[in-house]
Amino acid sequence: MSIKALKGFKDILPDEVGLWQFIEQTARDIFHRYGFEEIKVPILEKTELFVRTIGESTDIVEKEMYTFADRNGSSVTMRPEGTAPVIRSYIENGLYVRGSVQRLYTIGPMFRHERPQKGRLRQFHQMSVETLGSNSARIDTEVMAMAWQVLQEIGLQASMEINSLGCPACRPSFKEALLEFLQLRLESLCEDCRRRSSSNPLRVLDCKSEHCQAEYATAPAIIDHLCTACSDHFAEVRQTLDLLDVPYAVNAKMVRGLDYYTRTTFELITTELGAQGAIGAGGRYDGLVQQLGGPEVPGIGFAMGMERLVMLLGQKQKVAAGAAPDLFLVTLGEAASEKGFVLLQMLRSKGLRVMMDHEGRSLKNQMKQADKCNAGFALILGDNELAKREVVLKDMYSGEQKLVDLPSAFADWAAAIREKIRQQ
Ligand code: HAM
């Protein structure tokens, strides 16, 4: 019996890779324009890192993490998201001494044991961005404007919803109001919500059950309980978003599924992917660095789900994988085949994408291969041509064929062929 991939784990096949590369390159280019630098962090971390940051009573920590004991019996977890590992690295490597504001991004696989469905996988990929060291509302706006620009430049439509989750100063009065609200309907809530209403009441608002969500339609909103500092910050965020013409709508019900958020939160939403409409999300986490033992450094960031972007874009356009060769070397006869094999390497060293057949196929068959792989040119080299130091260069798009004279030194052939192709 053949071995299949795990449920929720997906191969990214060569035909799709062009889209992945296009999205990633576009995003990297934009991140660099905004002054972000790449950081690469491990996939496996101590379990404690995620429990302490994402929060014990979140769905991710309670139900979705790939956690196991390693060979020494230590509890390790395959990262379910990128923020906690980046903050861990920021503290461990003292990155704050590089400058007061650090702008970091990381791109890679994340793991959550969720029920797989369209747009929801167990191994998925995020482009994850973090800004550390600024309290300014302008940073919130820059980060959101950058996320918005990524969508614009890859050609996707979405809407942006924003909210403020306040800070430790305004949470207690909100929690009190929420608890009062929950006490009155405890009986009709799901088991998770009943449990969480005492341990972490804010978490109930993120429940996936439709019944609970209907109950919460009239729940108090944190935005009505913001302290003056948080309220001013949120007003400035909205004002600066307006200044940059970044469209958004305030969604007072948004709470996000991770515990570390404070103040500004946002989600990029599409209606084109059914239930899995969030293509990106993020927010501020002003207490997180300190909570993990680092200095008092505020932060804000977001992550975009690559699979969701690829699915959306794939519905709209095809992007060539970019693997078509510039040249297909067609050889006739043994001497030409051997010379051609060496020429193949020389042409590649000169920067050309070149392929040839190694199966001794007929001329007709080799031309078919050149056509099938979308080569720009076919270079036909026969034993006779070799003796006369000439080759036939065929433009595979126009069909035009030319006889090309080659220099007397074989070492100069590759440069001469490259020049000829450039001239065409
Ligand atoms: P998140 O909302 O958990 O936030 O995930 C961000 C994005 O990752 C989602 O909007 C979605 O596009 C994608 N995503 C999440 N789970 C899956 C899945 N199972 N399958 C496919 N795509 C998925 C975070 O992870 C935060 N770390 C974002 C952040 C960075 N906040 C501040 N900095």
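We did not get these values from a lab; they are worked out from the coordinates using the rules stated. What you see is a predicted model; the values in this text were computed from it and never measured. Positions of Cβ are generated from backbone atoms using ideal geometry, with glycine treated the same way; all protein chains shown enter the neighbour counts.
Using a Gaussian network model on the chain with a 10 Å cutoff between Cα atoms, which of L165, L182, L344 fluctuates the most?
L344
Set the Förster radius R0 to 56 Å, insert the Cβ-Cβ distance between S173 and V97 as r into 1/(1 + (r/R0)^6), and round the FRET efficiency to 0.05.
0.90
Percent relative contact order of the range 273-424, based on C-alpha pairs within less than 8 angstrom and at least six residues apart? Please list the in-between numbers first.
Working: 195 pairs, mean separation 27.2, N = 152.
Taking the mean separation of contacting Cα pairs over the length of the range 273-424, I get 18 percent.
Taking 7 Å along the Cα-to-C-beta vector as the label spot, tell me the Q183-K10 distance in nanometres, rounded to one decimal.
Placing both labels 7 Å along Cα→Cβ, they lie 4.7 nm apart.
Ranking H125, H211 by Cβ neighbours within 10 Å, fewest first, what do you get?
H211, H125
With contacts defined as alpha carbon pairs under 8 Å and 6 or more residues apart, what's the relative contact order of the range 1-112 in percent?
Numbers: 99 pairs, mean separation 33.4, N = 112.
Taking the mean separation of contacting Cα pairs over the length of the range 1-112, I get 30 percent.
Using alpha-carbon pairs under 8 Å, 6+ residues apart, how would you state the relative contact order of the chain in percent?
The normalised contact order for the chain reaches 16 percent.
With +1 on each Lys and Arg Cβ and -1 on each Asp and Glu Cβ, how big is the dipole of the chain about its Cα centre, in debye rounded to the nearest 20?
About 780 debye.
Taking the Cα-to-Cβ direction at K253 and at D383 and moving 7 Å from each Cα, how far apart do the two end points lie in nm?
7.9 nm
Quick one: F410, F181, F36, F302, fewest Cβ neighbours within 10 Å first, how do they rank?
Fewest to most other Cβ atoms nearby, the residues stand as F410, F181, F36, F302.
Round to the nearest 0.05 the FRET efficiency obtained for S408 and Y34 when R0 = 45 Å and r is the Cβ-Cβ distance.
0.25
Using Cα springs under 10 Å in a Gaussian network model of the chain, which residue among L243, L393, L268 shows the largest mean-square fluctuation?
Looking only at L243, L393, L268, the biggest GNM fluctuation is shown by L393.
Using the charge dipole of the range 218-320 (Lys, Arg: +1 at Cβ; Asp, Glu: -1 at Cβ; taken about the Cα centre), state which of G301, G280, C230 has its Cα farthest towards the positive end.
So the residue we want is G280.
Rank L347, L132, L313 by mean-square fluctuation in a GNM of the chain with C-alpha springs under 10 angstrom and give only the top-ranked residue.
L347
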